[in-house]
Amino acid sequence: MLNFAVVDDEQSSVDLLCSYLSRFCYINQLEYRVKTFLSGGTFLWSYSPVYDVIFLDIEMDNANGMDIAHQIRKTDENTIIIFVTQLAQYAVEGYQVDALDFMVKPLEYYSFELVMRKAVRRLRQRQPQTVVLQTEDGMTVLSSEQILYVEVLDHYITYHTAERQYTRKGTLADAEQQLDPRKFYRCSRCYLVNLRHISAVGKDSITVGGQEISVSRGKRKGLLLAVSKYWGGGI
């Protein structure tokens, strides 16, 4: 269930955004709720960090959307902010509040759809996947976001996290079946890496969680493509 807020002092703009949201979520089979605010002040006064995406008008009679965004970021670093404006000159300042994008009035569905696809990609990247491991110490439940990379040696696979390592019998293919292929990439016969934690890509190696890991020659092109899709691919 996705939670949206639409903050705009023009009822016609609110109605149009809500109709676009309904159309997009119906086409993409997404469950959602939307709450609308015709006053930026009312929205800010009652604000709580429950919204996945906020559509925020910048030029409102009773409040400035950019100022509201700055206030939101003091307590909520995660919500996605999408500005709605008649002037694109605010784009640079939007980076200060980590705005996902801008939509310029009058709104058209095609541009709205492009921005929404970007928002959904970011939301999906945030969703943790749970992996249950049966180790010698018992059962361990890990979020996939904790996993830096998975390594195979002989007949054992090791899940590396920032805190510790978890080893059990198995193959790298076992780990591949458990983990989302959009977020993990097998860069060689021995390593399956979390694309989120790659901090550097070299000629024949990558750095993941401070550890340098070799990349097979035949896997390099696929790795670069996987990284590109992870940060900017389709939903």
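Details
- Theoretical FRET efficiency, 1/(1+(r/R0)^6), r = Cβ-Cβ of Asp67 and Lys229, R0 45 Å, to 0.05: 0.80
- Each DSSP beta bridge with both residues in the stretch 14-156 is either parallel or antiparallel, and the antiparallel ones are about 45%.
- Taking 7 Å steps out from each Cα toward its Cβ at Ser19 and Thr171 produces label points 5.5 nm apart.
- In this structure the amide hydrogen of Leu2, modeled in the peptide plane, comes within under 5 Å of the amide hydrogens of Glu31, Tyr32, Arg33, none closer than 5 places in sequence on its chain.
- Within the listed set Val152, Val141, Val84, the Gaussian network model of the chain (springs between alpha-carbon atoms below 10 Å) gives the highest mean-square fluctuation for Val141.
- Note on Leu30/Arg217: beta-carbon distance plugged into 1/(1 + (r/R0)^6) with R0 of 41 Å gives a FRET efficiency of 0.50.
- What the chain shows is 56 Å² of accessible area per residue, with the surface traced by a 1.4 Å probe over protein heavy atoms.
- Gaussian network model of the chain, Cα within-10 Å springs - most flexible of Thr158, Thr36, Thr140: Thr140
- Long-range Cα-Cα pairs in the stretch 1-56 (distance over 15 Å), rounded percent: 45 percent
- Within the listed set Met66, Met139, Met116, the Gaussian network model of the chain (springs between alpha-carbon atoms below 10 Å) gives the highest mean-square fluctuation for Met139.
- Ignoring the sites themselves, the chain has its longest run without trypsin sites (Lys or Arg not before Pro) in a DSSP loop having at most 13 other Cβ atoms within 10 Å at 75-163.
- Reported value for the chain: 153 Å³ per residue, from the convex hull of its C-alpha atoms.
- Cα gyration tensor shape for the stretch 1-110, rounded if a/c is under 1.5, else prolate or oblate: rounded
- For the stretch 72-218, with all protein chains in place and a probe radius of 1.4 Å, 47% of the accessible heavy-atom surface sits on carbon or sulfur.
- Partners of Lys229 within straight-line reach, counting lysines whose Cα lies under 30 Å from its Cα and excluding those fewer than 8 residues away in the same chain: Lys105, Lys118, Lys183, Lys203, Lys219, Lys221.
- Fully extended contour minus Cα-Cα distance, from Gln11 to Gln125, at 0.36 nm per residue: 37.8 nm
- Low-density loop cleavage sites - GluC sites (Glu not before Pro) in the stretch 125-232, where at most 16 other Cβ are within 10 Å (DSSP): Glu136, Glu163
- Think of it as helices only: each DSSP H run of n ≥ 4 in the chain is worth -39500 (n - 2.57), and spread over all residues that comes to -9500 deg cm²/dmol at 222 nm.
- In this simple spin-label approximation, Ser143 and Ser46 carry label points 7 Å from Cα along the Cα→Cβ vector, and these lie 3.0 nm apart.
- Euclidean distance of C-alpha centroids, the stretch 1-24 and the stretch 155-221, integer Å: 41 Å
- Dipole magnitude of the chain about its Cα centre (Cβ charges: Lys, Arg +1; Asp, Glu -1), debye to nearest 20: 1220 debye
The values are calculated or read from the model by the stated rules, or taken from the named source; none is laboratory data. Because the structure is a prediction, the values reported are computed rather than measured. Every residue, glycine as well, gets a Cβ built from its backbone with ideal geometry; the counts of neighbours run over all protein chains shown. The area values use the complete protein model at the heavy-atom level, side chains included, leaving out ligands, DNA and RNA. Shrake-Rupley method; radii C 1.70, N 1.55, O 1.52, S 1.80 Å.
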